[in-house]
Amino acid sequence: MQREPARREAAGAAVRLHPPPAAASGERPRVHVPRSLELAAAVSWRLLVVGAAVVAAVLLLERLQVVLVGTLVAVLLACALSPGSRRLRARGVPPSLAALAMLIALLGSLAVAGWLVLPPAVEDVRSLDVNADEWIDGVRSWLVQGPLSLSEREVDRLFESAEARARGAFPGFLLGAWNGAQVAVEVVAGIVLSLVLAFFFLKDGDRMWRWICGFLPSHRRAEWTTIGRDVRDVLAGFIRGTAIVSLVDAVGIGIGLYLLGVPLVLPLALLTFVGGFIPIVGATVAGLLAVLVALVAKGPLTALAVLGVVLLVQQLEGNVLQPVIVGRSVRLHPAVIVLAVGAGAVLWGIVGALLAVPITAALATVLAHLRRGSRAPTPAAASVLEDA
């Protein structure tokens, strides 16, 4: 028992004679950092690197917007026209002629639609101009005789001020016209690029995909070949189904507008057809525009009747046609669709809104296949965040 204090005294003396290296060199003792803070710092700088890479990629894609959008449109056209091209090939038609025949059929359909729509639209616009003048006169009389009780001199000053502002904005209009001309050139270049690429995708699409899969490890090539076919089938089913649903919407709303005597029937029906390719948002905008035209041309009662027709047709679409026709190929939750359309519109405007849903459907197909793995057979349908 007496030896223990002696040992402690000897150890203390040794420490005093030989201090630790940190104390001997004058260095500060290392501060203890919590493990959670180290983990947060490690994650933060990695997120900064990833964010910088994403920003650089977005800037690059913005510079290559015409090329990228043209390529995406070409992929969608090739997927939509691939069934017809395969049928022609099965009957002995060479691949190049089959691809060319499908593109000519598409362009011919668009030309016929334009020939049917443009001449009646010009006549309707002329009659709508007359009604618009009458509507402006009605607004002037309402400002004088209505609850505002403005004098004719005040109304004249109001319209003169509006006219002066319109004249003052003329230089800005010229600048906008110049920017519009540049956009028109880019649109034409994008259309030509899309058609050329669609021809090559229809002609050599399978061989191109096999070449891309050749860069993958040998045990992954079969899986990604299947993924490519599934994405093609999903996009083709989405485009064909959406076209059928949009055509039904356009015909239903067009018949309602014709029976109610609303002008611009064919242009509004065509706009409804195109808007159908932007789920939820496109149909709403086209319906509101039809109601606005009816309000200007025929008055509030006809506008209310048009609103009823639009709501009836859209209910039929959303509850019957969309789940039965399009839902067999692609099933996306409405929240996913709204977010995709919003992101596409912010990035690339109307074109981005049009391409957002098919791109999301393609990504959903890839993710669903990777989630299932290669053990289960892959159906030609994607399911992401489905309704419970």
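Values computed for the structure shown
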quantity	calculated
Those trypsin sites (Lys or Arg not before Pro) in the range 72-119 that DSSP places in a loop and that have at most 13 other beta carbons within 10 Å	ARG91
Cβ crowding within 10 Å averaged over residues, with 295-308, 351-364, 50-63 ranked highest first	351-364, 295-308, 50-63
Environment charge of THR284, counting only residues whose C-beta is closer than 12 Å and scoring Lys/Arg +1, Asp/Glu -1	-2
Selection of chymotrypsin sites (Phe, Trp or Tyr not before Pro), the range 180-246, meeting DSSP coil and at most 13 other Cβ within 10 Å	PHE215
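All of the numbers you see were taken from the coordinates with simple rules; none came from a lab. Just so it is clear, the structure is predicted and the values come from calculations on it, not from any experiment. Reconstructed Cβ throughout: ideal geometry from the backbone, glycine too, with neighbour counts over all protein chains shown.
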